[in-house]
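Asker: To start, I am sharing the structure in question, which I have written as structure tokens.
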Amino acid sequence: MDRINELEYVDGKLFANIYDQSKDEVVIIDPATGVVEGRINFVGLYDGLRKSADNEMNGIAYKADTKTFLVTGKDWTKLFEVRLKER
């Protein structure tokens, strides 16, 4: 997997955002095997005015006390707190 950025280790899995202008995506990786087990699509989360370059998702952090993730992007004017639910 190319362009992995900002890793977070949560409950035995690695969560990493993909540094790519065309995607606002986080992948879930099994650190023992390196296999990507899931993808989280954040496209549309940030609806602010975006420049044509340097506007990609560029940050993820886990808040253990609330079991939420903080996500933001390069030059985004907002920080989002999200709770993930399994489907």
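The values are calculated or read from the model by the stated rules, or taken from the named source; none is laboratory data. Everything numeric here is computed off the predicted structure, so don't read it as measured data. Cβ sites come from the backbone with ideal geometry, for glycine too, and all protein chains shown count toward neighbours.
Asker: Working only within segment 9-25, note down all residues that are over 9 Å from the mean Cα position of the chain (by Cα) and not in a loop (DSSP other than H, G, I, E, B).
Answerer: Residues satisfying the conditions are TYR9, VAL10, LYS13, LEU14.
Asker: Can you tell me how many residues within segment 10-26 are under 23 Å from LYS67 (Cβ atoms) and touching a residue at least 12 places away in the same chain (Cβ under 8 Å)?
Answerer: At the first step, the residues of segment 10-26 found to be under 23 Å from LYS67 (Cβ atoms) are 10-18, 24-26.
Right, trim to touching a residue at least 12 places away in the same chain (Cβ under 8 Å) and you get 10, 12-18, 24-26.
Selection size over segment 10-26: 11.
Asker: If we keep just the residues of segment 26-46 that are loosely packed, with under 15 Cβ neighbours inside 10 Å and under 15 Å from ASN58 (Cα atoms), which is nearest to the chain's Cα centre (by Cα)?
Answerer: ASN41
Asker: Next up: Which of (1) touching a strand residue (DSSP E or B) at 6+ places or on another chain (Cβ under 8 Å); (2) outside any strand (DSSP E or B); (3) at pLDDT 85 or above does GLY34 not meet, given it meets every other one?
Answerer: Exception for GLY34: condition (1).
Asker: While we're looking at this one, here's another question. Among the candidates THR72, THR68, single out the residue that is of a type in the set (Ser, Thr, Tyr), surrounded by 14 or more Cβ atoms within 10 Å (Cβ to Cβ) and modelled with pLDDT under 95. Show your work before the answer.
Answerer: Working: THR68 fails: modelled with pLDDT under 95.
One residue alone meets the criteria, THR72.
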